[in-house]
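Here's the structure we're looking at; comments come further down.
The values are calculated or read from the model by the stated rules, or taken from the named source; none is laboratory data. This is a predicted model, so every value here is computed, not measured. Note that each Cβ is placed from the backbone with ideal geometry, even for glycine, and that neighbours are counted across all protein chains shown. In case anyone asks, the SASA skips ligands and DNA or RNA and just uses the protein heavy atoms, side chains included. Shrake-Rupley method; radii C 1.70, N 1.55, O 1.52, S 1.80 Å.
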Amino acid sequence: MRKLIVLALFATLLSNLTYAQKNIQSPEEFLPTDYGKHFTPHHLLVDYFEYVAENSDQVILDQYGRTNEKRPLIWAIISSPENLKNLETIRTDNLKRAGLLEGKPSTMKPIAIVWLSYGVHGNEAGGSESAPSVLYELVRSGNKKMQDLLENAVVIMDPSINPDGYSRYTHWNWQAANRLATPNPSSREHNELWPGGRVNHYYFDLNRDWAWQTQVETKQRLEVYHQWMPHVHVDYHEMGHNSPYYFAPAAQPYHDYITDWQSEFQNKVGKNHAGYFDKNGWLFYTKEVFDLFYPSYGDTYPIFNGAIGMTHEQAGHGRSGKAILMNNGDTLTIQDRIDHHVTTSMSNIEVSANNADKLVNNFTTYFKNSQEKPLGEYVTFIISADNDQSRLNDLTQLLDKHRIQYGTAGKDIKASQAYNYSSNKESTYSIQANDIVISAYQPKGVLTQVLFEPNPFLIDSLTYDITAWSIPHAFGLEAYATKNRINPGAAYSTPVYRRPNNYGTPTAYLTHWNSLGDAHFLGQLHQRGIKVRTATKAFTNGGVSYPIGTLVITRADNRKHANFDKAVQSIAAENEKTIVAAASGLSDKGPDLGSGNMQLLRTTNVALVHGDRISGNDFGHLWHYIEHDLEYPLTVLSDKQLAYADLDQYDVIILPSGRPELNMDKIKTWVRGGGTLIATGGSVGSFAGKDGFNIKRKSTTAVDKPKEGMKDNHKLETFGSQERDAISDQMPGAIFRTKVDNTHPLAYGLKDFYYTVKTSSAAYEMLEDDWNVAYIPEQLDVLGFAGVNAKNNMKNTLVAGTQSMGRGTVVYMVDNPAYRGFWRNGKFLLSNAIFMVP
């Protein structure tokens, strides 16, 4: 990444470009695409921003990274020339106010920092299309009002958060649309092809990735975001083409940690927007649909980092194309979408600049309170040092990305009451000196509490997304939360991997199987031709105890491998994986290394299925997991290809959630021949009740008491309450604790429990005469909101299980194990399905 600020270059820029500033071309003049009537390809969007930056003394343009498809991720800083001269002081003053940089702020007047993000969903193209007009309005010489406002504000613009998705959509539209605008919704350009441009290269929804940072766009953007910590962040979206414009204030539920000031400022912004929309005769709405609860959005994540976070939604989306007929008989055009977003962009800057003092003061107070009086019930989070080191590394890397401070206890601390994430109960825990301690008494204390809270308080169950997400449950960590303040007593440092100087010539190499990092290690061994076994029973060898699932890499199995020792040792070093050299195959206890209880693992050839009946998001979660977490080769097949492809070349076929087109007879023949079919999420339903498959849906049983006034099965409740009445059967997203048989290969390395995130009310009976490896028991243990009917219907239902079929296996995984890329313990479960079950 290029250096953020080069002051000498600023001076040259300011002295040379004063005249050019007066002659900047508008997007209509500069762009060759008939701007406002056709979509602007991403490279031309970049061209316009570069052109303005080169010809304005008010703009600094930089590149903060590249996408998976190597498109540039750019951002622009716009302000008055005087503010740009003092930009580094403005930035560092802000970090000092937040307690993220040592020292006292300067005596400069408060400057509002406003960050505007466009196009996180690529096919909501009106966002990125409006960015050039916003930039032009900010710098054009005739706009005195905006020039005056920029004396009190620094505006940061990200014109295209998701260039790959935006390009997928706009390129397709150029190919599919007619030369003349065709508003008829039946026309080709209004029926986008799978997976659509909403998602990035890996089909991830980047607007759900802020807190988890699984994607390259998010990681690189937040690196810059944390260098600035804006006071206001606005995320520009689009929705269905018949909807009026949506802007703040947001709908309930608000997360409990959102401050009164953050709520009040949303009202202030909404009133200002309303004035402009009323003047132009444009419809809008507020306080509906889009809530502020789930912490990984482009509005909530900034809120939990001290900002005023807001979502703005314009009618449009991928269905609208260049122009589309609306239900009211009007036609929505690209220019309409641009005009509305430009108006709210200018209004956001106006309100922020006019309230710069209040924004800065309340921003300062937010972080002062965070460090001195955290809001939440639990104020210290303890991560046991007994966790697998790979899992601890995953955690600390995420904390570092968020700038969350942590350390170790530094000394043993006697037992006290704490919430136990594993049992979901209060218990007694004695802190060890090397346990990781994360205190909420720090600048990022609010964000810490939000990400670690086990069961967030939900004021209204009508919510837009999942309602529980705690990191320890997602990462499968032994962890505790306490109401007592415990400060870290020492700095934490990741243990340094030390490769032994001499392993000798062992009979075998042994290593535990506990984490996603271990799955990566196994995958690398397979790719380099190393044969591996797994222990199906616990054993002791050389005085060391090894549990079920231990990887056993014997010299005998690999006697034809020319560089066996060098290959195993180098792969272990690359993965910082501790391996033990076993001098003998004779075990102290349990099976010997040559026993049949040491099961030889196949080197699996994996196929992942896609198609327009498959969830693009779920496909992407699995695709990214295999390519990035495992770094393992795979073949991507369409569901239609399964009907005629030679399936015998694949050992494992994975079906993401959806309703794929399947030739059931061919699938069964392949499984009986030794294949492993892994059905995840909604695709499990494709096999329910089908001949040869033992999975069965559980019928829904309503548990609501009869409503007062019910007679002869006629509903007497009000029409207006129907949305709320339907909640009883819904599962927006909750965490369920399951019981696990960790003696089964599907659960090797797991505890005797597993937390699954459920986003569907679909429930399946326990398997008969097959293996129910993870299931929800009669006694429910739930975090987050689940409708009463949906929740109770989960009792005694399957979460993960296997069915034997001939020489092969069908693996049923009822919930997406790789959910949004952050459910890391689920990805470890899936690794068992890929490597251990076959």
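Could you list, in sequence order, the residues of the range 535-556 that are on the phi < 0 side of the Ramachandran plot and buried (at least 22 other Cβ atoms within 10 Å of the Cβ)? Answer for the range 535-556, where residues must be on the phi < 0 side of the Ramachandran plot and buried (at least 22 other Cβ atoms within 10 Å of the Cβ): A535, F539, N541, Y546, T550, L551, V552, I553, T554. Counting just the residues of the range 203-239 that are part of a loop (DSSP other than H, G, I, E, B) and under 15 Å from F304 (Cα atoms), which one comes out nearest to the chain's Cα centre (by Cα)? Per the stated criteria, the residue is D209. Here S128, S160 are screened, and the one residue that is under 18 Å from R337 (Cα atoms), outside any helix (DSSP H, G or I), in contact with a Leu (Cβ under 9 Å, 6 or more places away or on another chain) and touching a residue at least 60 places away in the same chain (Cβ under 8 Å) is S160.
For the residues G590, G616, the requirement of being out of contact with any Gly (no Cβ under 9 Å at 6 or more places or on another chain) and at pLDDT 95 or above singles out G590.
When the residues of the range 189-215 are filtered to those that are touching a Phe, Trp or Tyr at 6+ places or on another chain (Cβ under 9 Å) and of a type in the set (A, V, I, L, M), the one that is most open to solvent (accessible area, probe 1.4 Å) is L193.
All conditions in (1) within 27 Å of R820 (Cβ to Cβ); (2) at pLDDT 95 or above; (3) surrounded by fewer than 20 Cβ atoms within 10 Å (Cβ to Cβ) hold for E723, with the sole exception of (2). For the range 314-338, the tally of residues that are open to solvent by 40 Å² or more (accessible area, probe 1.4 Å) and under 31 Å from the mean Cα position of the chain (by Cα) stands at 2.
Being under 25 Å from the mean Cα position of the chain (by Cα), open to solvent by 10 Å² or more (accessible area, probe 1.4 Å) and in contact (Cβ under 8 Å) with a residue 60 or more places away in the chain, is that true of even one residue in the range 800-807? For the range 800-807, residues under 25 Å from the mean Cα position of the chain (by Cα), open to solvent by 10 Å² or more (accessible area, probe 1.4 Å) and in contact (Cβ under 8 Å) with a residue 60 or more places away in the chain: absent. Considering S133, S106, S80, the condition of being modelled with pLDDT of 95 or more and either touching a Phe, Trp or Tyr at 6+ places or on another chain (Cβ under 9 Å) or surrounded by 22 or more Cβ atoms within 10 Å (Cβ to Cβ) (or both) is satisfied by S133 alone. Counting residues in the range 349-360 that are closer than 26 Å to H273 by Cα and under 28 Å from the mean Cα position of the chain (by Cα) gives zero. Reported count of residues in the range 349-385, each being under 30 Å from G476 (Cα atoms) and in contact with a helix residue (DSSP H, G or I) (Cβ under 6 Å, 6 or more places away or on another chain), is 4. Within the range 522-572, being free of Cβ contacts under 8 Å to residues at least 24 places away in the same chain, among the basic types (K, R) and not in a loop (DSSP other than H, G, I, E, B) holds for one residue alone: K566. Only residues that are in contact with a helix residue (DSSP H, G or I) (Cβ under 7 Å, 6 or more places away or on another chain), outside any helix (DSSP H, G or I) and open to solvent by 10 Å² or more (accessible area, probe 1.4 Å) were counted in the range 46-63, giving 4. Does P488 qualify as being over 22 Å from the mean Cα position of the chain (by Cα) and touching a residue at least 60 places away in the same chain (Cβ under 8 Å)? Spelling it out, P488 is indeed over 22 Å from the mean Cα position of the chain (by Cα) and touching a residue at least 60 places away in the same chain (Cβ under 8 Å). Summed over the range 247-284, the residues that are in contact (Cβ under 8 Å) with a residue 40 or more places away in the chain, open to solvent by 70 Å² or more (accessible area, probe 1.4 Å) and not in a helix (DSSP H, G or I) give a count of 2. Kindly provide the set of residues from the range 584-622 that are in contact with a His (Cβ under 6 Å, 6 or more places away or on another chain) and open to solvent by less than 10 Å² (accessible area, probe 1.4 Å), ordered by number. Of everything in the range 584-622, just one residue is in contact with a His (Cβ under 6 Å, 6 or more places away or on another chain) and open to solvent by less than 10 Å² (accessible area, probe 1.4 Å), namely F619. Report whether or not S384 is in contact with an Asp or Glu (Cβ under 8 Å, 6 or more places away or on another chain) and surrounded by fewer than 17 Cβ atoms within 10 Å (Cβ to Cβ). Spelling it out, it is not the case that S384 is in contact with an Asp or Glu (Cβ under 8 Å, 6 or more places away or on another chain) and surrounded by fewer than 17 Cβ atoms within 10 Å (Cβ to Cβ). Residue selection: G620 satisfies the criterion of being over 27 Å from A726 (Cα atoms) and assigned to a helix (DSSP H, G or I). Checked against (1) closer than 30 Å to Y441 by Cβ; (2) open to solvent by less than 10 Å² (accessible area, probe 1.4 Å); (3) of a type outside the set (F, W, Y), L95 passes all but a single condition, namely (2). Only one residue in T700, T676 is in contact with a strand residue (DSSP E or B) (Cβ under 7 Å, 6 or more places away or on another chain) and either modelled with pLDDT under 95 or open to solvent by less than 10 Å² (accessible area, probe 1.4 Å) (or both), so which one is that? T676 is the lone residue from the list that is in contact with a strand residue (DSSP E or B) (Cβ under 7 Å, 6 or more places away or on another chain) and either modelled with pLDDT under 95 or open to solvent by less than 10 Å² (accessible area, probe 1.4 Å) (or both). For the subset of the range 624-653 comprising residues that are outside any loop (DSSP other than H, G, I, E, B) and acidic (D, E), which member is farthest from L206 (Cα to Cα)? If we take residues in the range 624-653 being outside any loop (DSSP other than H, G, I, E, B) and acidic (D, E), then D648 is farthest from L206 (Cα to Cα). The residue that is least open to solvent (accessible area, probe 1.4 Å), counting only those in the range 23-41 that are polar (S, T, N, Q) and without any contact (Cβ under 8 Å) to a residue 60 or more places away in the chain, is T33. Residue-level analysis places D394 outside the set of residues that are touching a residue at least 60 places away in the same chain (Cβ under 8 Å), more than 25 Å from R208 (Cα to Cα), of a type in the set (D, E, K, R) and surrounded by 16 or more Cβ atoms within 10 Å (Cβ to Cβ). Of all residues in the range 557-583, those satisfying the criterion of being more than 15 Å from R533 (Cα to Cα) and open to solvent by 60 Å² or more (accessible area, probe 1.4 Å) are K560, A562, N563, K566, E574, E576, T578, A583.
The set of residues in the range 808-835 being open to solvent by 10 Å² or more (accessible area, probe 1.4 Å) and farther than 23 Å from T467 by Cα consists of T809 alone. Please go through the range 508-534 and give me each residue that is over 19 Å from Y748 (Cα atoms), open to solvent by less than 10 Å² (accessible area, probe 1.4 Å) and within 35 Å of the chain's Cα centre (by Cα), ordered by number. Selection gives I530 alone.
Filtered by the rule that a residue be closer than 18 Å to G122 by Cα and open to solvent by 10 Å² or more (accessible area, probe 1.4 Å), the range 220-246 gives Q220, M239, G240, H241.
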